[in-house]
1. Would you please classify the overall shape of the range 522-562 from the alpha carbon gyration tensor, given that a ≥ b ≥ c denote the square roots of the eigenvalues, rounded means a/c under 1.5, and beyond that prolate means a/b larger than b/c while oblate covers the rest?
2. Within the range 102-171, what whole-number % of the accessible surface is contributed by carbon and sulfur, with the 1.4 Å probe and all protein chains included in the calculation?
3. I need the semi-axes of the equivalent ellipsoid of the range 680-787: take the C-alpha gyration tensor, multiply each eigenvalue by 5, square-root it, list largest first in whole angstrom.
4. How far is it, in nm, from the label point at Asp319 to the one at Ala189 when both lie 7 Å from their Cα along the line to the Cβ?
5. Applying a 10 Å radius around every beta-carbon, put 282-295, 332-345 in order of their mean neighbour count, most first.
6. For the range 484-494, what does the Karplus curve 6.51 cos²θ - 1.76 cosθ + 1.60, with θ = phi - 60°, yield as ³J(HN,Hα) per residue in whole Hz, taken in order and with x for Gly and Pro?
7. What list of ³J(HN,Hα) values in whole Hz, one per residue of the range 351-360 in order, does the Karplus curve 6.51 cos²θ - 1.76 cosθ + 1.60 (θ = phi - 60°) give from phi, with Gly and Pro shown as x?
8. Heavy-atom accessible area of Val654 with all protein chains present, probe 1.4 Å, nearest 10 Å²?
Amino acid sequence: MRTGCVIVLASACAFSAELVLPSLALEREGMVHAVFRTAPLATGHGKLSIEWTDVHGRVVDRRTIPIEMKDETDAGFDIDLRRAKAMQNELRAHFLFDGRDMQGRPDHRDQEARISFVAKPPAHTWWDYDVIMWQHYSPELFRKLTALGIDGGESTGRGGGLPDFLLKNDLRWYAENIATDFFSAYHRAYPDRNNGYEFIQARQAHKNDPASLEPFKRHPSLSDREWLARVHDRLVEAARAHSPYRPFFYSLGDETGIGELEAAWDFDFSDQSLVPMREWLRERYGTLGALNRQWGTPFASWNSVMPATTDQAMKRADDNFSAWSDFKEWMDICYAGALKMGTDAIHSVDPEAYVGIGGGQMPGWGGYDYARITQSLTAIEPYDIGNNIEIIRSLNPRMAVLTTAFAHGPWERHRVWYELLHGNRGLILWDAKSEYLDASGNVKERGREAESYYNEIRNGLGALLINSRRLADPIAIHYSQPSLRVEWLLESRPRGERWAMRSAKAERTDNDFMRLRESWCRVLEDAGLQYNFVSYQQVEQSELARGGYRALILPRSSALSAAEASAIREFVAQGGAVIADGTPGTFDEHGRRLGQGQLDGMVSLNANVLGYQLERITGKGGETRDVVARMLERAGVRPRFAVTDPGGNPVQGVETHVFRNGGVFLAGLLSNPSLRVDELGPPDFHSNEQFAVRRSLKVTLPQPMMVYDVRAGKQLGRQKEWKVELDPYEPAIYAVSSEPLPALVIAAPGRIARGATGHIGIRFDGDTPAAVHVLHVEVTDPGGRAVPVYSGNVRAPRGRAEWPLPIAFNDVSGQWNVRVKDMLSGESQMAAIEVY
């Protein structure tokens with residue numbers, strides 16, 4: 001790739017000149033060879049003056065190079081891309097030359113050229129926490145937003161050019177809504193009609209003619225090859241435009257799904273869907289006879305195979321829902337496959353990119369089988385519904401997860417901390433009412449509230465948690481999409497044809513299967529424990545044994561494959577405990593009722609915890625929690641850190657989050673209210689007042705260990721137990737180590753010339769038990785002002801790191817200060833550097 005942007009000055013020479021770089025998008029990894037190209041061939045001598053500037057106004061490089069040429073056009077020189085601190089850069093060159101041309105005549109040249117280039121952001125992986133503003137502001141207002149801890153924005157990924165308002169502030173973005181018309185075809189916003197207009201029309205058509213399959217044909221089909229090719233090419237084009245700037249992630253679409261959010265619907269009966277579905281069924285069953293035996297159907301040929309609609313499945317007297325359930329599985333496969341196509345298209349241009357969707361829904365309809373989605377995407381911004389956050393991080397811990405902030409106030413502050421402790425790597429801000437800044441740039445109430453905790457998380461604490469491994473106790477909760485289908489059909493059958501009129505919200509608020517899963521999570525958390533979800537696929541693949549689990553919870557796991565049942569029986573034979581709600585395995589994985597449960601006699605405890613989530617809101621449920629805790633303790637499962645009241649009694653409504661960083665543990669304590677409390681039931685339960693109080697707690701360790709208060713930045717000494725006064729809206733976070741963390745040591749040059757790069761060496765005075773220290777570096781100029789372009793976070797694997805300080809030619813001279821803080825121990829060291 002060679003592109004030059006040419007500017008020619010009027011002079012004694014009318015020849016053109018250009019600057020040439022190896023690429024217009026360069027990595028910040030070393031020396032890059034640049035060429036000033038004149039014409040025609042030149043013989044003589046002169047000088048080339050170069051100046052490299054960036055969007056921050058820094059003069060990164062400035063020098064004059066003597067030039068000797070003999071029948072040449074190119075004058076080469078190197079620039080050090082390690083000095084780059086911004087994406088947008090400009091290189092200018094001024095060429096003064098005197099010589100003789102081929103006929104011996106004087107050859108005087110006075111030429112200028114300039115070229116703009118991108119220095120790619122250095123982040124190849126998502127290892128730090130980011131706060132991203134969705135709304136577009138002017139460059140001047142965005143500059144003020146950065147003081148609140150906001151470090152990125154959003155840009156339309158489909159056309160529209162690059163976001164100049166972000167580039168002028170050297171801020172990254174995520175590429176939004178690239179293919180929403182395909183992935184969110186039935187949940188789109190329009191200026192002149194209701195949102196989800198197409199779904200409303202389909203529902204009305206089904207109401208008018210319930211026997212017709214036309215309302216159940218998706219337009220476009222997720223299996224439509226022409227559409228898939230069109231979307232693929234569009235995504236490739238978007239990646240080519242955005243990849244030089246390393247977006248946070250590419251969003252394939254917002255609030256995507258097979259139909260309208262999580263609403264149940266019988267998509268897709270189009271030929272584009274049915275033809276490949278029959279091929280999939282042929283591969284799965286092998287013979288038509290095998291399919292007919294499973295489905296209880298008399299199809300004479302593969303081309304005549306038709307799945308069952310929901311209405312037809314509800315009327316099956318034999319409770320054989322296979323023809324319906326297999327079809328629903330096929331649609332989950334289609335949706336996940338379309339997402340995978342999108343990821344692959346982006347990766348064909350930008351192999352390291354994070355690719356995801358926005359507005360992810362609860363587990364259930366609309367394609368939201370997270371066992372498949374987590375293998376198709378590398379990033380996601382889900383609404384926290386139905387424990388999808390815990391399911392995602394269980395099934396794919398490498399997946400980058402963000403959340404969206406819509407509100408303000410103390411519970412919103414709590415929610416941001418809550419999602420961080422549950423593994424989130426960033427926050428997208430929805431600010432439709434301009435609540436952070438007014439038109440003059442003055443900070444408003446929402447901005448004042450958020451500034452302190454946005455900056456605290458951004459200044460190293462978020463990175464520390466992201467670079468530590470979140471731990472779960474050896475408890476597996478079964479995640480079963482086949483069981484979800486069966487339970488939904490059994491629960492919906494009394495409604496009859498009214499199922500088709502249920503809204504997406506009704507699927508969320510009137511859903512015992514989801515409430516049961518949420519109740520199990522809350523009872524375990526209230527017992528001081530953490531867990532992983534293990535999918536139906538993973539159970540078949542022996543994950544229970546491989547993951548070292550001691551207990552398996554089956555929350556109405558009514559549909560099990562023979563392979564799952566066999567793996568669970570083996571788990572029990574090896575000493576594992578099975579706790580079930582209901583009778584597990586009464587259906588096979590296709591949704592056909594069996595003569596008896598596949599795990600009869602294998603269940604250690606039958607527990608009904610459906611009501612626990614409501615009980616705990618009113619201070620009840622302690623008996624249920626204690627029964628479960630005792631059962632788990634008999635299975636060898638107990639909390640790593642015991643969190644009790646000062647008298648040693650169990651506490652309700654406090655969640656303990658444990659992370660591991662090498663030999664160091666991080667324990668985060670945070671109040672644990674019910675999310676979406678207004679959707680849980682009668683008005684009596686629409687309050688988290690029970691959890692909005694300061695709690696006096698005691699933390700007890702198995703043996704005395706060194707304890708550090710991470711947020712306070714201080715050492716508590718060697719402790720076996722300590723007291724905590726827990727704020728209702730913010731966490732207490734402690735680092736715990738069997739040995740003291742070594743002292744922080746920094747080595748900095750005493751002087752750095754303007755235009756030179758100094759290097760701050762960072763280490764510890766002994767071996768550290770931590771795998772990765774996260775350090776926050778703050779650089780201040782002689783006026784005592786923080787310099788964001790030179791400040792930031794850095795990882796120190798095994799306690800060693802280096803922080804470059806590429807002082808610009810136009811930086812102010814005088815005494816600069818560099819302060820380095822270790823986020824684990826809270827220790828800080830400072831060095832003074834003279835810039836001259």
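The values are calculated or read from the model by the stated rules, or taken from the named source; none is laboratory data. All figures in this text were calculated on a predicted structure; none of them were measured in a lab. Here the Cβ is made from the backbone with ideal geometry for all residues, glycine too, and neighbour counts use every protein chain on show. Protein only, heavy atoms only, side chains kept; ligands, DNA and RNA dropped before computing areas. Shrake-Rupley method; radii C 1.70, N 1.55, O 1.52, S 1.80 Å.
1. Because a/c hits 1.5 or more and a/b fails to exceed b/c, the range 522-562 counts as oblate.
2. That share works out to 54 percent.
3. Gyration-tensor ellipsoid for the range 680-787: 40, 24, 11 Å.
4. 4.5 nm
5. Per-residue mean Cβ counts within 10 Å order the peptides as 332-345, 282-295.
6. For the range 484-494, the Karplus-derived couplings read 4, 4, 5, 5, 4, 5, 5, 6, 8, 4, x Hz, x marking Gly and Pro.
7. Those phi angles translate into x, 8, 5, 8, 10, x, 10, x, x, x Hz.
8. Counting only protein heavy atoms, the figure is 10 Å².
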